[in-house]
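Trainee: After the structure tokens below, expect a handful of questions from me.
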Amino acid sequence: MKLFVDGRKSVFETLSKNISNSDKSIWFHAASLGEFEQGLPVMEKIKAHFPNHKLVVTFFSPSGYEVRKNNTIADITIYLPLDTKQNANQFLDSVHPELVFFIKYEFWPNYLNELKNRKINTYLISGIFRENQAFFKWYGGFYRKALNSFDYFFVQNESSKKLVQQLGFQNVSISGDTRFDRVVSILERDNHLDFIEKFKNNTLTIVIGSSWPKDEELLVNFINQSTENIKFIIAPHNIKSEQIQGLQKSLSKKCILFSDIASGRHLSINEHDVFIIDTIGILTKIYSYADIAYVGGGFGNPGVHNLLEPATFGVPIIIGPNYSHFAEAIALVNMEGCISIANQNQMSDAFKNLINNEAIRHEKGHICSTFVQMNKGATDKIVSHILNENLK
């Protein structure tokens, strides 16, 4: 909450220092980290087509801003001031964007209404609509009105398109999910991590990404009881020191921390069985070394974290039971590239089956990578429409 409040205090000062009246700008708004990653492929292509415009990226959540405040794509990265008429007017006076993009499902009525009043082209990208949202309730008139501000809705699926059309909007099309384009592009980058390669040491490796305590209760039991020659890499969702220390103490196998390596305290990294990643920003690259991935969050709400990063590397995935809000998780479970487990026995069976059967590992991994490749292309659909509309 302190970050949420304090981070907004200097927004207008930052804008006044970095944007002049003569500057041209384009504004992207993301709720948090996931939405930023979702919008990133569009940001990159839009910036390439509009190199003389300043790119302004705003976040609502500290968990997004704090991780990506030093990104290299935006000229200015700030918190979005709270949604009041005064803030909306002052913000738009300062930024005076020519194009505006809201990502997935961020709807701020005062900002949207002011964008409409100023006739600024505004788009929703990778949108998701569900029947339980306020737009579709009897009391949702204020929010429905705000949707009039969008020049076009690029949505992820057929159900979202139908819901938007039920409200009377025909300026909508299914573009798909831009996250597929982002994870496909990861394959073209250098994902080499020397210290991970040394730790793995040509041994079958299970990568546990974005784990929560409820995941870790089961995972620790499995790791401690494991007798096979396996390496484990754990990248917890929360890397506070007390939680990392508690996790390390619960493990009976030889364990090392990333902070140990970074400080030069351990050089014999390959002699350890478990590697805890107590830093952020490298999990994506670590997935490239996985033979099996466990993606955390599935024992809590709203549910499982990002499956697409391990999937793009062709890694079979295990998750917890709560994944019904995530279309890619539903699809991969149905296609059997991903295994959902609900208890200790199911987790042990799933891991052992993948560990002991190389053919099954490869088959499920191939399903995952093929799924990602089949769903790429949303960015090109969105950007081609934008360019046709704005470069006439």
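The values are calculated or read from the model by the stated rules, or taken from the named source; none is laboratory data. Just so it is clear, the structure is predicted and the values come from calculations on it, not from any experiment. Cβ atoms come from the backbone with ideal geometry, glycine included; neighbour counts cover every protein chain shown. Heavy atoms of the whole protein, side chains included, go into the accessibility calculation; ligands, DNA and RNA do not. Shrake-Rupley method; radii C 1.70, N 1.55, O 1.52, S 1.80 Å.
Trainee: How big is the dipole moment of the range 1-150 about its Cα centre under a simple scheme where the beta carbon of each Lys and Arg is +1, that of each Asp and Glu is -1, and everything else is neutral? Debye, nearest 20, please.
Mentor: Computed about the Cα centre, the dipole is about 280 debye.
Trainee: What is the distance in Å between the Cα centres of the range 74-116 and the range 249-270?
Mentor: 45
Trainee: In terms of modelled amide H atoms, which long-range or inter-chain residues lie less than 5 Å from the amide H of residue 99?
Mentor: Hits under the 5 Å cutoff: 27.
Trainee: Expressed as a rounded percentage, what relative contact order does the range 225-302 have, with Cα pairs under 8 Å and six or more residues apart? Could the numbers behind the result be given before it?
Mentor: Details: 61 pairs, mean separation 27.5, N = 78.
Relative CO of the range 225-302 lands at 35 percent.
Trainee: Of the residues 346, 133, 243, which exhibits the maximal mean-square fluctuation in a Gaussian network model of the chain defined by a 10 Å Cα contact cut-off?
Mentor: In this elastic network of the chain, the residue with the biggest mean-square fluctuation among 346, 133, 243 is 133.
Trainee: Would you mind checking the tilt of helix 378-390 against the longest principal axis of the Cα atoms of the chain, expressed as 0 to 90 degrees and rounded to 10?
Mentor: Long axis of 378-390 versus the principal axis of the chain: about 20 degrees.
Trainee: With point charges of +1 on the Cβ of Lys and Arg and -1 on the Cβ of Asp and Glu, referenced to the Cα centre of the chain, which listed residue (356, 175, 100) lies farthest in the positive direction of the dipole?
Mentor: After comparing all options, I get 100.
Trainee: Using the Kirkwood radius built from alpha carbon pairs, what does the Stokes-Einstein equation give as D for the chain at 10 °C and 1.306 mPa s, in µm² per second?
Mentor: This corresponds to a translational diffusion coefficient of 71 µm²/s.
Trainee: Just read off the accessible area of residue 352 with the full protein assembly in place, 1.4 Å probe, to the nearest 10 Å².
Mentor: Looks like 100 Å² after rounding.
Trainee: On average, how much area does the Cα convex hull of the range 10-138 cover when viewed from any direction, in nm²? Display every interim value, and only then the final one.
Mentor: Working: hull surface 32.7 nm².
Projected over every direction and averaged, the Cα hull of the range 10-138 covers 8.2 nm².
Trainee: Using only Cα atoms, find the angle between the long axis of helix 213-225 and the longest principal axis of the chain, and express it within 0 to 90 degrees, rounded to the nearest 10.
Mentor: Approximately 20 degrees, to the nearest 10.
Trainee: Sticking with this structure for a sec: How would 360, 280, 174 line up by accessible area, probe 1.4 Å, largest first?
Mentor: 280, 174, 360
Trainee: While we're here: Give, rounded to the nearest 20 debye, the magnitude of the charge dipole that the range 108-211 has about its Cα centre when Lys and Arg contribute +1 at Cβ and Asp and Glu contribute -1 at Cβ.
Mentor: Here the range 108-211 has a charge dipole of around 540 debye.
Trainee: Starting at the first residue of the range 285-302, write each ³J(HN,Hα) from the Karplus equation 6.51 cos²θ - 1.76 cosθ + 1.60 with θ = phi - 60°, in whole Hz, x for Gly and Pro.
Mentor: Once θ is set to phi - 60°, the couplings for the range 285-302 become 5, 4, 4, 5, 9, 7, 9, 9, 10, 10, 9, x, x, x, 9, x, 10, x Hz.
Trainee: What percent does the relative contact order of the chain come to when contacts are Cα pairs within less than 8 Å and at least six residues apart? Each step should come with its number before you reach the end.
Mentor: Numbers: 696 pairs, mean separation 50.2, N = 392.
Normalised by residue count, the contact order of the chain is 13 percent.
Trainee: For the range 313-392, what is the convex hull (Cα atoms) projected area averaged across all directions, in square nanometres?
Mentor: It is 6.5 nm².
Trainee: Quick one: ranking 138, 108, 212 by accessible area, 1.4 Å probe, largest first, what do you get?
Mentor: Output order, biggest surface exposure first: 138, 212, 108.
Trainee: Can you list the lysines whose alpha carbon is less than 23 Å from that of residue 214, not counting same-chain residues fewer than 8 positions off?
Mentor: Result set, ordered by chain and number: 231, 240, 249, 253, 254, 352.
Trainee: Can you give me the C-alpha center-to-center distance between the range 178-237 and the range 374-389, rounded to a whole angstrom?
Mentor: That distance is 32 Å.
Trainee: Another question, then. In debye to the nearest 20, how big a dipole does the chain give about its Cα centre with +1 on each Lys and Arg Cβ and -1 on each Asp and Glu Cβ?
Mentor: 960
Trainee: What does the range 136-279 give for Rg and for Dmax, in Å, if only its C-alpha atoms count?
Mentor: Both quantities, over Cα of the range 136-279: 23.1, 64 Å.
Trainee: Still on this model: What distance in nm separates the two pseudo spin-label positions at residue 173 and residue 66, each 7 Å out from Cα along the beta-carbon direction?
Mentor: About 4.0 nm separates the two model spin labels.
Trainee: Round to the nearest 10 and give me the degree value, 0 to 90, for the angle of helix 85-95's Cα axis relative to the longest principal axis of the chain.
Mentor: 80
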